[in-house]
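**Student:** There's a structure below that I have some questions on.
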Amino acid sequence: PQEWSLLEVLIRNVNIALSRDKLLNMAWGYDFDGDARTVDVHIVKLRKKLGWEEQIKTLYKLGYRLETTA
């Protein structure tokens, strides 16, 4: 279920760079006690399930961005 919350955040912010902390706050909520690496694990799962290796970009030392051309 959390993967889909993360996907929703990425879709709502398409073509916008989001830090791991921002993604945690938006998808998990401010009371989440986990690590920012949690985002990385969920991104890997989303890419694999959706086949979006090229659409979900990793931004070095920042976070992620869902890219579309449409």
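**Student:** Relative to the longest principal axis of the chain, what angle (0 to 90°, nearest 10) does the C-alpha long axis of helix 37-50 take?
**Tutor:** 30
**Student:** Quick one: length gained pulling S5 to K48 fully straight, 0.36 nm per residue minus the C-alpha distance? Walk me through the numbers on the way to the answer.
**Tutor:** Details: separation 43, 0.36 × 43 = 15.48 nm, distance 1.62 nm.
Between S5 and K48, full extension yields an extra 13.9 nm.
**Student:** Related question: May I ask for the percentage of alpha-carbon pairs in the chain that lie more than 21 Å from each other?
**Tutor:** On the way: 336 of 2415 pairs.
For the chain, the share of Cα pairs beyond 21 Å comes to 14 percent.
**Student:** Provide the per residue accessible area, probe 1.4 Å, for the chain, rounded to a whole number of square angstrom. Can you show the working numbers first?
**Tutor:** Values: 4690 Å² over 70 residues.
That works out to 67 Å² per residue.
**Student:** Do you know the relative contact order of the chain, to the nearest whole percent, from alpha carbon pairs under 8 angstrom that are 6+ apart? Please list the in-between numbers first.
**Tutor:** On the way: 74 pairs, mean separation 29.5, N = 70.
Averaging sequence separation for qualifying contacts and normalising by length gives 42 percent for the chain.
The values are calculated or read from the model by the stated rules, or taken from the named source; none is laboratory data. Keep in mind that what you see is a predicted model, and the values were worked out from it rather than measured. These area figures cover heavy atoms from the full protein model, side chains too; ligands, DNA and RNA do not enter into them. Shrake-Rupley method; radii C 1.70, N 1.55, O 1.52, S 1.80 Å.
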